[in-house]
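Below is one structure; the comments refer to it alone.
The values are calculated or read from the model by the stated rules, or taken from the named source; none is laboratory data. Given the structure is predicted, the values throughout are model-derived calculations rather than measurements. So basically every Cβ, Gly included, is an ideal-geometry build from the backbone, and we count neighbours across all protein chains shown. Heavy atoms of the whole protein, side chains included, go into the accessibility calculation; ligands, DNA and RNA do not. Shrake-Rupley method; radii C 1.70, N 1.55, O 1.52, S 1.80 Å.
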Amino acid sequence: MPANKPAPAEMDELLAAEFDYIAQTALQANEDRARVSSFYLVAVGSLVAAMFSTQLFDPNFLTSTVDIMFGGLFLLLTLLGTSTIMQLARLRMAWYESMLAMNQIKDYMMSENKSLVKAFRWKMTTLPAKYKRDSVSYYQAFEVALISGLMFAAAVFFVQRAFPLTGMLPWIISVLTGLLMIFVQLRVYRQTIK
């Protein structure tokens, strides 16, 4: 199509419809991100509430078998946290893909109408990075990684209680493995996005 000829009305409608669809997918990715994080927090809260109610009713109930069962449940929550981290990364990537698609349409429109160049702040060249440490997406992943690391530390602690380890060693091992899990999960988030 020659540059001096205006686009047909059908093309404008098609571009507007495509832009609207892409905007909806970006919005959906952001809403899903909030739901994924909330689901994980509710799952963790439910287990912790169940654990405390068990201890309140019968403190002698915590035998080595129950300790191992709690360790397994906390390990399951750690794995659920890893899954949540990966979902958050995929949702960030989905949002980013939507932004790329929107900016492709904007770039096309700017090439067709030079007066639009000043109208858009985000262009392909100014789009935020896919992996950005000061984004809401990263903060949500960091929050999940912290909680998941705590869940892993609790899993390690409960499993150790089932065996005759005494002193500060179980606490030290639990804290170190929890910190390691936080690091691993943030690394998983970064590697999934890049």
*Straight distance only, please: which lysines reach the Cα of Lys132 with their own Cα at less than 20 Å, same-chain residues fewer than 8 apart left out?*
Lys123, Lys194
*Extension reserve of the Val42-Leu76 stretch, reckoned as 0.36 nm per residue once the Cα distance is removed*: 10.8 nm
*Along the charge dipole of the chain, Cβ charges K/R +1 and D/E -1, which of Ala29, Gln191, Ile105 sits furthest on the positive end?*
Gln191
_Report the gain in length on full extension from Met168 to Leu100: 0.36 nm times residue separation, minus Cα-Cα distance, nm rounded to one decimal._
19.3 nm
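Please compute the per residue accessible area over the range 72-162 with all protein chains in place, 1.4 Å probe, rounded to a whole number of Å².
Dividing the accessible area of the range 72-162 by its residue count gives 52 Å².
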*Which value, in Å² rounded to 10, gives the accessible area of Met109 with a 1.4 Å probe and all protein chains present?*
50
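For the chain, compute Rh as the Kirkwood radius over C-alpha pairs and then the Stokes-Einstein diffusion coefficient at 20 °C and 1.002 mPa s; write the answer in µm²/s, rounded to an integer. Walk me through the numbers before you get to the answer.
On the way: Rh = 19.9 Å.
So the translational diffusion coefficient is about 108 µm²/s.
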_Pairwise FRET efficiency - Met69 versus Tyr139, Cβ, R0 = 45 Å, nearest 0.05_ = 0.85
_Fraction of accessible area attributable to carbon and sulfur, the range 92-194 (%, probe 1.4 Å)_ = 67
